[in-house]
Amino acid sequence: MQKTRGAYAKGVAKREEILEKALTAFSRGGYMGTSMREIAAACDLTQAGLLHHFPNKEALLIAIIEQREAKQEANSLAVADLTWQERTLRQLYINIENRTETLVFSILAAEAEDPGHPAHDYMLNRYRSARQNWERDVLQMRGGKTLSSEDQIKAALITAIWDGLQLQWLLDDDFDMRAPFEYALEMISRYNRFE
């Protein structure tokens, strides 16, 4: 019985290593430009050995996405008592700390524009969900009961500002996106066209 547990632990550790190495490979070549052979080599596995853990590249990508979603879910539960602006800034700081993961998801967002990409539906739903969450936050901030078109516009702007600043940061090591993002949240929080 002890031997089985040891084998299981080794399998779990190898799976984690594969996910980490795949994330690094995807950050360099994107999903489309990375081969399973390349990932197997980075993990000191044969391609058959890699396929033992993940049957194909799409399954590997899905595992990476699920891992990130689980982390973000845990973070959401941990910050439930913060304001929406504080929660958003905390997620920004987490993304800064996890540059490789942030880079991969930025690459995936661009690649997934193709409806045939395995992450297309995920990214589409992720952006819709992000806008809906920020719509609720903006609605709550202004004390409204019914979602307005301005709430929807603000949510779309937050999404665009988030991605735009994050992309500038990924491209330019000297660019600090924290202050501009904090400023943007403050502007969005204060400005109400219809008041």
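The values are calculated or read from the model by the stated rules, or taken from the named source; none is laboratory data. Note that this is a predicted model, so its numbers are computed, not measured. Ideal geometry is used to build each Cβ from the backbone, glycine not excepted, and the neighbour counts take in all protein chains shown. Remember, those area values only see protein heavy atoms, side chains included, never the ligands or the DNA or RNA. Shrake-Rupley method; radii C 1.70, N 1.55, O 1.52, S 1.80 Å.
For region 19-58, the candidate set comprises residues that are open to solvent by 50 Å² or more (accessible area, probe 1.4 Å), touching a helix residue (DSSP H, G or I) at 6+ places or on another chain (Cβ under 7 Å) and outside any helix (DSSP H, G or I); within that set, the residue that is farthest from Asp121 (Cα to Cα) is Thr46. Ile158 falls short on exactly one of the conditions (1) exposed (fewer than 14 other Cβ atoms within 10 Å of the Cβ); (2) closer than 19 Å to Met187 by Cβ, and that condition is (1). Could you say whether any residue in region 81-92 is open to solvent by 40 Å² or more (accessible area, probe 1.4 Å), part of a helix (DSSP H, G or I) and either more than 20 Å from Leu165 (Cβ to Cβ) or modelled with pLDDT of 90 or more (or both)? Within region 81-92, none of the residues are open to solvent by 40 Å² or more (accessible area, probe 1.4 Å), part of a helix (DSSP H, G or I) and either more than 20 Å from Leu165 (Cβ to Cβ) or modelled with pLDDT of 90 or more (or both). In contact (Cβ under 8 Å) with a residue 24 or more places away in the chain and out of contact with any Ser or Thr (no Cβ under 7 Å at 6 or more places or on another chain): does that describe Leu60? Against the criterion (in contact (Cβ under 8 Å) with a residue 24 or more places away in the chain and out of contact with any Ser or Thr (no Cβ under 7 Å at 6 or more places or on another chain)), Leu60 qualifies. Only one of Ser129, Ser148 is free of Cβ contacts under 8 Å to residues at least 40 places away in the same chain and among the hydroxyl-bearing types (Ser, Thr, Tyr). Can you tell me which? Exactly one residue qualifies, and that residue is Ser129.
Taking Glu16 as the residue in question, decide whether it is under 30 Å from Asn133 (Cβ atoms) and either part of a helix (DSSP H, G or I) or open to solvent by 60 Å² or more (accessible area, probe 1.4 Å) (or both). Yes.
Apart from one condition, Ile107 fits all of (1) assigned to a helix (DSSP H, G or I); (2) open to solvent by 60 Å² or more (accessible area, probe 1.4 Å); (3) more than 29 Å from Leu139 (Cα to Cα); the exception is (2). Consider Gln67 carefully, then state whether it is of a type outside the set (Asp, Glu), out of contact with any Asp or Glu (no Cβ under 7 Å at 6 or more places or on another chain), assigned to a helix (DSSP H, G or I) and over 18 Å from Gln166 (Cβ atoms). Yes: the conditions hold for Gln67.
Close Cβ contacts (under 9 Å, 6 or more residues apart or on different chains) running from residues in region 39-52 that are under 14 Å from Ala25 (Cα atoms) to residues that are open to solvent by 20 Å² or more (accessible area, probe 1.4 Å) and assigned to a loop (DSSP other than H, G, I, E, B) comprise Ile39/Leu45; Ala40/Thr46.
This table checks each residue for (1) modelled with pLDDT under 95; (2) touching a helix residue (DSSP H, G or I) at 6+ places or on another chain (Cβ under 8 Å); (3) within 26 Å of Lys57 (Cβ to Cβ).
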| position | (1), (2), (3) |
| --- | --- |
| Ile107 | yes, yes, yes |
| Met141 | yes, yes, no |
| Gly144 | yes, yes, no |
| Ser149 | yes, no, no |
| Trp169 | no, yes, no |
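Working only within region 115-139, note down all residues that are over 25 Å from Lys71 (Cβ atoms) and open to solvent by 70 Å² or more (accessible area, probe 1.4 Å). Pro115 - this is the single residue of region 115-139 that is over 25 Å from Lys71 (Cβ atoms) and open to solvent by 70 Å² or more (accessible area, probe 1.4 Å).
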